[in-house]
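K.L.:
Supplied in structure tokens, the structure appears directly below.
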Amino acid sequence: GLFADFSTSAGTFTVELDFVRAPRTVANFVRLAEGEQSWMDPATGVARTEPWYAGSGLYRVQYEVPGAGVTNLLALQGGLRPVAGQWNGGPGYTILDEATNGLSHSNGVIAMVTDGPHTGATEFMILLTNGAGYWDGRQTVFGRVSTGMAVVQAISGGEKIYGQLVSPVVLTNMAIRRVGAAAEAFSSDRV
């Protein structure tokens, strides 16, 4: 398989990436993780090519229904960079969705966050429960947590104000591992 090993300030976890059913999304994710995809620095506007995810954060918990008193946690969000103290910096480009690839938003999957069709690029969510009714067909599922789901759940259990983690968790490193011939043959040049 093709794996992304997340090292964070709160522990480690691994996601197995589905490069067969979400090749475009996985290719973009891998290229950003390995520093092979150029991106626009959201703070300075300067084009850069270095690993995107090292230095990004896990900062928001999505609730089932946004509103006061709702406690059903649906997903942990991450993958943006801080700009002026807010986690809102994207890479300056978007990718095409693969939202109808047959994968469903269930507990432990990773999906690309979008604000509408074809608007995602770096921000992802890791589902903490079943979110099929909300996001299937709208956001691309591209993998599943294979080890360390307890770390993801612990991060999502941190103190929050209006869904934002008071102490966001920083992604210190993301390593991509290829295991087996099919994963080694997968080309991230599909972006």
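The values are calculated or read from the model by the stated rules, or taken from the named source; none is laboratory data. Predicted model, so just to flag it, every value in this text is computed and none were measured. Reconstructed Cβ throughout: ideal geometry from the backbone, glycine too, with neighbour counts over all protein chains shown. Ligands, DNA and RNA are excluded from the accessible area calculation, which covers all protein heavy atoms including side chains. Shrake-Rupley method; radii C 1.70, N 1.55, O 1.52, S 1.80 Å.
K.L.:
I'm trying to understand the selection: among the residues of the stretch 158-191, which are assigned to a strand (DSSP E or B), open to solvent by 70 Å² or more (accessible area, probe 1.4 Å), within 18 Å of PHE29 (Cβ to Cβ) and not polar (S, T, N, Q)?
P.N.:
ARG177, ARG178, listed by residue number.
K.L.:
Shifting gears a bit: Here are some conditions: (1) open to solvent by 50 Å² or more (accessible area, probe 1.4 Å); (2) under 17 Å from GLN62 (Cα atoms); (3) among the charged types (D, E, K, R); (4) in contact with a Gly (Cβ under 9 Å, 6 or more places away or on another chain). ARG144 meets all but one. Which one does it not meet?
P.N.:
(2)
K.L.:
Still on this structure: Taking the condition of being in contact with a Leu (Cβ under 6 Å, 6 or more places away or on another chain) and part of a strand (DSSP E or B), how many residues in the stretch 143-157 meet it?
P.N.:
1
K.L.:
May I pose another question? Which of the following residues is farther than 26 Å from ARG138 by Cα, without any contact (Cβ under 8 Å) to a residue 24 or more places away in the chain and open to solvent by less than 60 Å² (accessible area, probe 1.4 Å): GLY35, GLY55, GLY11?
P.N.:
Working: GLY55 fails: without any contact (Cβ under 8 Å) to a residue 24 or more places away in the chain; GLY11 fails: without any contact (Cβ under 8 Å) to a residue 24 or more places away in the chain.
Of the residues listed, the single one that is farther than 26 Å from ARG138 by Cα, without any contact (Cβ under 8 Å) to a residue 24 or more places away in the chain and open to solvent by less than 60 Å² (accessible area, probe 1.4 Å) is GLY35.
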